[in-house]
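The values are calculated or read from the model by the stated rules, or taken from the named source; none is laboratory data. Bear in mind the structure is a predicted one, so any value in this text is a computation, not a measurement. Quick reminder, even Gly has a Cβ in these numbers, built from the backbone with ideal geometry, and neighbours come from all protein chains shown. Just the protein is used for accessible areas: all its heavy atoms, side chains included, with ligands, DNA and RNA removed. Shrake-Rupley method; radii C 1.70, N 1.55, O 1.52, S 1.80 Å.
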Amino acid sequence: FGSDRVGVLLCQRMHALASGVSRGRPFSRWRRQFGPPAHFELAWRSLNTPATPSYSSSTSAACASDMDVAFWATDVDDEYGEMGAAADGSEGRGVGSRDLLSALRAMDAEELGNLAKLRSFLSKKRGVPKTPLLAQAFAAELGARKRLPLLQATRLAEAAASLGGVAAVVAQMPSLCHRIAQRKSHREAMSVLITLVQMSDDLGASRVGPTEAEILSVFKAFFIGNHCNNPAEGPNPPAVAAALECADRLGCGLPPVMLKAAASALCTGLSGGDKPKSRKGLAGLVGGGRPTPRFGEAMARSAARGADLAEVNRVVASKLIENALRGESGRQALDEWLWQLRCTWDGIERAAIDCGLEELLVERLQREWCNFDDALLVGFARLVQDTRSHRPGVWKSILGEMQRRLPTLSTEHFAHCVDLARKSTFRPSDPAFFQEFARHVGPILSQASPEDLARLLHTFCLTLPEPLFMSSLVVPHAEAIRARMAQPEKLGTHLHGVLQALANGGGKGEGVVRPSWWRSLVLRPWAREMRTLTQLLRSGPSGLGGRAAYVGSMEAYIIGDVGRVWSQPLMAALQFAHRHPPPAFLRRALRCTLRQRRAMLASDMAAGRALGFVAWRLGQRTGQHIEEEGVLTENVGLPLASVARLMDEEEDSSLLLTARVGFLEKAYRRHGDVERVALLAVLKGLRAHETGRSLLRRGGEGMACITGVVDIYVDRITCLSCLGVLAQFKKAFPGVEVRVACAFPPWLPRKLPYERYYGMVNRE
């Protein structure tokens, strides 16, 4: 608890409370009676400042108890024993381990267990430091109380280990292993002991700890015990996952009987809260139950050790299909199942869905597709996409069903099917797949809502090359598209999305046949929108009268970017891409980002995030060139990634203000995009130099004296928000040349393969 003295006072307070309201109550209710954790935090902080603190109003109530008075009136620890008088009138008397042992021995088993649990709670929530003296006292008390109940004993051992006394606890492990192996009953105690074994192994204390036979006896008691005839008494799936993780880290082999018990525990865990009247195997358990925590991890670890999970896979596949067929009511449960089965975290390189489950799921889907209407098909595909449960067999079945339903798909679901097919990691690379969709889109173009029309055209723009976009979509359905574009007022706010898709899909190259109305209804309106956007980006927040007006104007476009074809001309108009970065920089940037993509799976959550590379060299203007002694900051190459979750949205927002932009409803926070992260790194480099800090403090006059070049590479198209950030940086530092390149032509000779943008697919 930070010191011997705090430990003694907590023991005394615990003992006093135990005689009243706390005995026999759950730990959470007991902790509320004991007092808020803010008190312990104050006590811990006071160790380095033994003088009486001034309480704030928020913590004065917590620090008004008899325990606080005793704490602040007496010495804090042995090292402060000569600094004042204690409450009982003695001078210079520190509190030693003898008093702590006496306080511990005055507590009964329940109080001792609660005290250990409180210490664990404080350690996790408040970061209380390790205390070897208290750890030794806990370990000594553990050895002295031979009849201490098993659960309290293991809790006390865990608390002592977390306090830094692993070596003291290791000596008690053989007796604890023996007690668990003999008793074979308490799952929580077994789980705690497995944690202790793992902790001792991490700290190198296992050399003097339990032998391999003793460790195996713990696992045997954990998995088998005396619950062979009553599976409900066995370990639950989270405990199985923890035990298998511990066995993996210890390098401990488990015999087949334990793996069979682990599979049996998973079967029992599939029941959740269901209690069927009639149980034939596990058939009665199939339903809408949700998975327990770490269920997928337990499956993956069991399968990796060769456990037979055929029955588990059969029931899980049935649960997935049953929840999918329930529609909205089963969506949440299906989402939780797919997240669990993805299970690529915690060092598990293979997903649980690969453990023989994919074949069963595909087989069941083939039989059940007739029971899926269009809405259920779209909902199931969207959940598979959102949870990154990318598996070739599952997606092949979904895409095949979409193709089969093309002639009969309803208007409201056609656009969503095409969009989901585009986002699939395992969609065919041949454009003929989407040409088949384009052949059936004629009636949909006339009847679709403005939002669905924008989504359809956007999907075909990204999947069909310019000649095929015109020959397969625009020319055959020219009348339907012309009729929609002739009434732009009916498209409303989605006009920008429709124009962006058509202008990028049709391109601006020669040799492509375009309808006669293309220039008047597509190119000229899009050019007008581009000029308006360019003026908006040049003006920035200051030119529009404030942050709110700027952000609102940016978000009103309802598009994420201007597309591959028009990004470079827009950047050139803003004067930060009229010159490309040098070839040497591009080669380094490409090697760095492609190396990261090759190490990334397409199903990884990070696969959708952008990667980038930045290099810069800035100095103070002293003539026509930057002298070596005048360089303020320099970096020859820094890899980057979009990290919005780890960054403060208001960081340098006065210089680099972002907006939430995206296509249609997919608007994202953009403060962590690669381009902004790169510019923040440049500003950080300037602030690290004394002259740079001085120039930044001078404002516009000082920043105008900074000159140099910043090269940025990103493997996505630069979004509208980042275009605005680059324009704001250019306006603030007129002497700095900003050169941006994206992973598409004209910056690169050709477009890269799919895996170079979204991670490896063939390793799935």
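Please work out if Leu533 is farther than 18 Å from His458 by Cβ, open to solvent by less than 20 Å² (accessible area, probe 1.4 Å) and modelled with pLDDT of 90 or more. Criteria not met by Leu533. Out of Arg388, Arg367, Arg382, one residue alone is within 15 Å of Ala317 (Cβ to Cβ) and either of a type outside the set (S, T, N, Q) or open to solvent by 10 Å² or more (accessible area, probe 1.4 Å) (or both). It is Arg367. Residues in the stretch 510-520 that are open to solvent by less than 40 Å² (accessible area, probe 1.4 Å) and either under 45 Å from the mean Cα position of the chain (by Cα) or under 14 Å from Phe469 (Cβ atoms) (or both): Val512, Pro515, Trp518. Those helices (runs of 4 or more DSSP H) of the stretch 653-764 in which at least 2 residues are surrounded by fewer than 19 Cβ atoms within 10 Å (Cβ to Cβ) and free of Cβ contacts under 8 Å to residues at least 40 places away in the same chain, considering only elements entirely within it, cover 674-687, 690-697, 700-703.
Of all the listed residues (Val362, Val394, Val378, Val418), the sole one being in a helix (DSSP H, G or I), of a type in the set (A, V, I, L, M, F, W, C) and over 25 Å from Ser329 (Cβ atoms) is Val418.
Which residue out of Ala333, Ala324, Ala298 is part of a helix (DSSP H, G or I), under 20 Å from Ser603 (Cα atoms) and either at pLDDT 85 or above or not aromatic (Phe, Trp, Tyr) (or both)? One residue alone meets the criteria, Ala298.
Could you please let me know if Val522 is more than 18 Å from Gln435 (Cα to Cα), in a helix (DSSP H, G or I), β-branched (Val, Ile, Thr) and touching a residue at least 40 places away in the same chain (Cβ under 8 Å)? No: the conditions fail for Val522. For first residues located in the stretch 291-317 and open to solvent by less than 10 Å² (accessible area, probe 1.4 Å), partners that are of a type in the set (S, T, N, Q) and not in a helix (DSSP H, G or I) and lie 6+ apart or on another chain with Cβ distances below 9 Å form the pairs Ala298/Thr292; Ala300/Thr344. Whether any residue in the stretch 564-571 is open to solvent by 60 Å² or more (accessible area, probe 1.4 Å) and within 17 Å of Glu675 (Cα to Cα) is what I want to check. Yes, there is a match, as at least one residue in the stretch 564-571 is open to solvent by 60 Å² or more (accessible area, probe 1.4 Å) and within 17 Å of Glu675 (Cα to Cα). Within the stretch 432-454, can one find any residue that is open to solvent by 20 Å² or more (accessible area, probe 1.4 Å), closer than 21 Å to Ala478 by Cα, outside any helix (DSSP H, G or I) and touching a helix residue (DSSP H, G or I) at 6+ places or on another chain (Cβ under 7 Å)? Looking through the stretch 432-454, at least one residue is open to solvent by 20 Å² or more (accessible area, probe 1.4 Å), closer than 21 Å to Ala478 by Cα, outside any helix (DSSP H, G or I) and touching a helix residue (DSSP H, G or I) at 6+ places or on another chain (Cβ under 7 Å).
For the stretch 718-756: of the residues being farther than 12 Å from Gln568 by Cα and among the small types (Gly, Ala, Ser), which is nearest to the chain's Cα centre (by Cα)? Among those residues, the one meeting the criterion is Ser721. Of the residues making up the stretch 686-732, those that are among the charged types (D, E, K, R) and within 29 Å of Leu748 (Cβ to Cβ) are Asp711, Asp715, Arg716, Lys730, Lys731.
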